Amino acid sequence: MQTITVSNLNVYRRQRHILKCVNVSAHEGEVVGLIGANGSGKSTLLKAILGLLPVESGKVEIMGKHQDTYQRSELAKAIAYMDQDNECNWPLQVRSVVELGRMPHQAPFTSLTDEDHDIVNTVMKTVCVEALAERTLNLLSGGEKHRVLLARALASQPAILLADEPVAGLDPYHQLHLMELFRDQAQAGKTIIVILHDLTLVSRYCDRLVLLSEGNVLANGEPKEVLDTDNLREAYGIHAQYFENEGKQAVIPWSCHAHSTDNGWKFSRLP
Amino acid sequence: MIPPNKRYLYLISAMTLLLGVCFVVSLLVGSVMLTPQRLLSGLFHEVDMMVQLVFWEIRLPRALLGVCVGFSLGLTGAVMQGYMRNPLADPGVLGITSGAAMGAVITFYTGLANAFELALPLGGVLGGLLILCMVVMMAGRSASVQTLILAGIAFSTLAGAIISLVLNFSPNPHAVLDIVFWLLGSLKDRSINNLYLALPLMVPGWAMLLYCSRALRALTLGEDTAASMGFSMKQVRYLVIVGSALAVGPAIAVTGSIGFVGLVVPHLIRPLVAGDPGRLLWLSGLAGAVLLSVSDIVVRLISLGQELKLGVITSLIGAPFFFFLLFKMRREVV
């Protein structure tokens, strides 16, 4: 089933045209990698799907229903979001942070039910953080912290999970581990859209890639098709080296794309 | 280990009990010391006019105001820190308290303060509401938290400048002394009418602030995450701004500036609730009421000829306590 349908979406932020007639969709059970250079509109697209930004024109449909027809709390149950900024402002314990994920299901002035506690325990086990339950979030290592925040997002039992650079700053083991967890969740039927900068990671773990370039969808399809030489030059201004293993491609950024000008060599993406 | 839910209920009960004790002590202590027996018998059995007068006209309004003002300051401080996600925020961060002080000082200067009984607190309330309108105008343009803080600094500075201007132009030293003493903050000689003026504004303010507890908890992980969890950040912003103005404006208008309670109380309570900014609210309110009641009792017990001002004592008690806490926790405060 198609869970997210974005059609002809235009978004402006501070009079700047950020998303230009974007069409994107995602199905259940799918990990979609959202890639593109800094400032290409990836985070804006996620926030537009979440309904956090005013939309100029176009529409966003969630589970076949127009986004505007949802109550805030209904939307919060359907979609969970992992923000790029993962600071926790107060010294909360890990369990309390994961419990925050149950808030969309909780009526005001009530406490968590036994069912809520069961769900919290289950997701903590799923992402291997149950041993950290009593620890303070901000004192955890990066890898542990990202897993806890994933548990928080999963605790609301969403159909859709949007993650903005969830592996930024993690060591290779924890990057792979987190991506495995995303794969497992997709296997269980969730729709996952994840913003990543590591081209090998996206090619290895995503079913489909959406490549944004200056607010346009430059390419949309299988990783191999999307990550071709022309697209990478156009979107990132780079040359990459390709290797193959187990039928998947490793894409390693190799050099900046430069072109000759009257003043000598200039990097193409610099103004 | 006690589960957090139960622990929270215990804490609330303990704090309420403590407040109850402080309230009763506050009724007994003063220039005329009453024993519980004398108070009860004077009120109900063999009616003693002196006890009646002291109780209804002096002690009860004073004790009640102490509780309400303390609750407002503690609660607003906790909400401000939670909303701004900044441990330095206090009830005065939006400039409401300075506005209230400015309003009151203007009634002093114009002589309105002596025109009718409630002129002074009314002036304070109006001053606070004036600043509130300005803050709301700022917030309407989807202002960020940083913009609100900076606007608050601008409003506080402006109100402070106007207070200085009034002091500058005041006709005689007595007027200056009146104003300065009022600014130090006190609960002395406030009639029950002050409470009738303040409470109808404070209660809706408290309700708005307490309603934010869930949103404040969600805000722990940032505004976008909180919004993705179904909270309208615009609604929360208005609830916080209007609620804090209603809670704290009348409090300052009635008592004068009482510093530090709103800043320090949430820090004292935070370790007890493991940092949860939602559970902090009720407890901070109650603890604020306790701190203010205790300070007011201390003020009445210490007689140095000149009455000690409440605002002075809250800071004198609060600051070393705060320092001790910082010293003990050092890294973990935030």
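The values are calculated or read from the model by the stated rules, or taken from the named source; none is laboratory data. Remember, predicted model here, so these are calculated numbers, not experimental data. Cβ sites come from the backbone with ideal geometry, for glycine too, and all protein chains shown count toward neighbours. The area values use the complete protein model at the heavy-atom level, side chains included, leaving out ligands, DNA and RNA. Shrake-Rupley method; radii C 1.70, N 1.55, O 1.52, S 1.80 Å.
Side notes on the structure shown:
- Local electrostatic count at B:R300 - Lys and Arg +1, Asp and Glu -1, tallied over other residues with Cβ under 11 Å: +1
- Loop-located GluC sites (Glu not before Pro) in the stretch A:144-246 (DSSP state not H, G, I, E or B) with no more than 14 neighbouring Cβ atoms inside 10 Å: A:E246.
- Partner aspartates and glutamates for A:K47 [C-alpha distance under 15 Å; skip if fewer than 8 residues away on the same chain]: A:E56, A:E61, A:D68, A:D83, A:D85, A:D164, A:E165, B:E223, B:D224
- For the stretch B:157-185, backbone nitrogen atoms closer than 15 Å to the point 7 Å from B:I302 Cα along Cα-to-C-beta are found at B:185.
- Excluding ligands, DNA and RNA, the accessible surface per residue across chain A is 47 Å² with a 1.4 Å probe.
- Theoretical ellipticity at 222 nm over chain B - DSSP helices of four or more residues, -39500 (n - 2.57) apiece, nearest 500: -24500 deg cm²/dmol
- Extension gain for the segment A:D228 to A:S255, taken as residue separation times 0.36 nm less the Cα-Cα distance, is 8.2 nm to one decimal.
- Between A and B, roughly 2600 Å² of accessible area is buried in total, ligands, DNA and RNA not counted and the probe set to 1.4 Å.
- Residue by residue, the stretch B:168-179 carries 3J(HN,Hα) couplings of 4, 9, 5, x, 8, x, 5, 5, 4, 4, 3, 5 Hz when phi is fed to the Karplus relation 6.51 cos²θ - 1.76 cosθ + 1.60 (θ = phi - 60°); x denotes Gly or Pro.
- DSSP finds beta bridges in the protein assembly as shown, and of those with both partners inside it, around 65 percent are antiparallel.
- Per-residue [θ]222 nm for chain A (sum of -39500 (n - 2.57) over DSSP H runs n ≥ 4, rounded to 500): -9000 deg cm²/dmol
- Accessible surface, 1.4 Å probe, highest first, among residues B:R7, A:R147, A:R183: B:R7, A:R183, A:R147
- The alpha-carbon atoms of chain A define a convex hull whose volume equals 154 cubic angstrom per residue.
- Solvent-accessible ranking of B:M137, B:M50, B:M33, B:M208, largest area first, probe 1.4 Å: B:M137, B:M33, B:M50, B:M208
- B:H45-B:F321 pseudo-label distance in nm [points 7 Å out on the Cα-to-Cβ vector]: 3.6
- Within straight-line cross-link reach of A:K224, aspartates and glutamates at Cα separation under 14 Å, skipping those fewer than 8 residues along the same chain: A:D207, A:E244, A:E246
- Using a probe of 1.4 Å, the accessible surface attributed to A:K65 totals some 100 Å² when neighbouring protein chains are kept in position.
- Compactness of the protein assembly as shown as Cα Rg over 2.2 N^0.38 Å, two decimals: 1.17
- Solvent-accessible area of B:S144, all protein chains in place: 50 Å² (probe radius 1.4 Å, heavy atoms, ligands and nucleic acids excluded).
- A Förster radius of 60 Å, combined with the Cβ-Cβ distance separating B:F169 from A:S57, puts the computed FRET efficiency at roughly 0.55.
- Pairwise centroid distance, computed over Cα atoms, of the stretch B:1-57 with the stretch B:261-324, Å: 18
- Each label point was placed 7 Å from the Cα along the Cα-to-Cβ direction; for B:L9 and A:Q15 their separation is 5.8 nm.
- Inter-label distance, B:L53 to A:K125: 7.3 nm, where each label sits 7 Å from its Cα along the C-beta direction.
- For B:K309, the lysines whose Cα comes closer than 28 Å to its Cα, not counting residues fewer than 8 places off in the same chain, are B:K188.
- FRET efficiency for A:D207 and A:Y242, using Cβ-Cβ distance with R0 set to 22 Å, rounded to 0.05: 0.70
- 1.4 Å probe, heavy atoms, protein only - residues of the stretch A:73-106 losing at least 50 Å² accessible area vs chain alone: A:N89, A:W90, A:P91, A:L92, A:L100, A:M103
- Residues whose placed amide H lies under 5 Å from that of A:H27, excluding near-sequence neighbours: A:T3
- In this structure the amide hydrogen of A:Y12, modeled in the peptide plane, comes within under 5 Å of the amide hydrogens of A:I18, A:E56, none closer than 5 places in sequence on its chain.
- Counting only protein heavy atoms and a probe of 1.4 Å, the accessible surface of chain B is 70% carbon and sulfur.
- For the stretch B:1-68, the convex hull spanned by the alpha carbon atoms encloses 106 Å³ per residue.
- Fully extended contour minus Cα-Cα distance, from B:L60 to B:F116, at 0.36 nm per residue: 18.0 nm
- Heavy-atom accessible area per residue - chain B, 1.4 Å, Å²: 43
- Cut-off under 5 Å, modelled amide H: who pairs with A:M82 long-range: A:L162, A:A163, A:D164
- Extension gain, B:D189 to B:V136: 0.36 nm times the residue separation minus the Cα-Cα distance gives 15.7 nm.
- Ignoring the sites themselves, chain B has its longest run without GluC sites (Glu not before Pro) in a DSSP loop having at most 13 other Cβ atoms within 10 Å at B:118-334.
- In sequence order, calculated HN-Hα J values of the stretch B:12-22 (Karplus, 6.51, -1.76, 1.60; Hz; x Gly/Pro): 4, 4, 4, 5, 5, 4, 4, 5, x, 4, 4
- Rounded to the nearest whole Hz, the Karplus-based 3J(HN,Hα) values (6.51 cos²θ - 1.76 cosθ + 1.60, θ = phi - 60°) of the stretch A:52-60 follow the sequence 8, 10, x, 9, 6, 8, x, 9, 10, with x at glycine and proline.
- Whole-Å distance, taken between Cα centres, linking the stretch A:1-70 and the stretch A:113-140: 31
- Global form of the stretch A:1-112, assessed from the alpha-carbon gyration tensor, a/c cut-off 1.5: prolate
- Going by accessible surface with a 1.4 Å probe and the largest first, A:H177, A:H17 read A:H17, A:H177.
- Principal semi-axes in Å for the stretch B:4-333 [√(5λ), Cα gyration tensor, largest first]: 32, 26, 17
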